[in-house]
Amino acid sequence: MFDHFPILETERLSLIEIVQEHKGDIFELFSDDKVTEFYNVTTLTSEDQAQQFIDWFRSRFYNNAGIRWGIAIKGSANIIGTVGFNNFTKEHRANIVTIYNHNIGIKVIPLRR
């Protein structure tokens, strides 16, 4: 689907590839019960579990099965959330999922059809 991981930018945010260096950020996000409550995953208790998430995100992209970006404040290397398509196939629409750190103060705007 893609020949390289696409980087997207807005005025304030960058959507970047989630890599090993984001393990602490992923742990911070997914170790928060308020974040995982509606995202069908168990709340993380260790950074090793965060590495498993990173490996899964990357494998989905490299297997052309989905894509997940890290959301970063423009100019920062840390991610404050994730957004992406968990699954896309030719047979059905993609599922878009957004996870963000609720302590940051970023307003989430729902997508409209």
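What the table below lists for this structure:
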{"quantity": "Net length gained if the chain between Glu47 and Ser76 were fully extended (0.36 nm per residue, minus Cα distance)", "calculated": "8.4 nm"}
{"quantity": "Share of alpha-carbon pairs per 10 Å distance bin for the stretch 8-100, given as whole %", "calculated": "17, 49, 31, 3"}
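Read-outs: derived from the displayed coordinates by stated rules, not from any lab. All of these numbers come straight from a predicted model, not from anything done at the bench.
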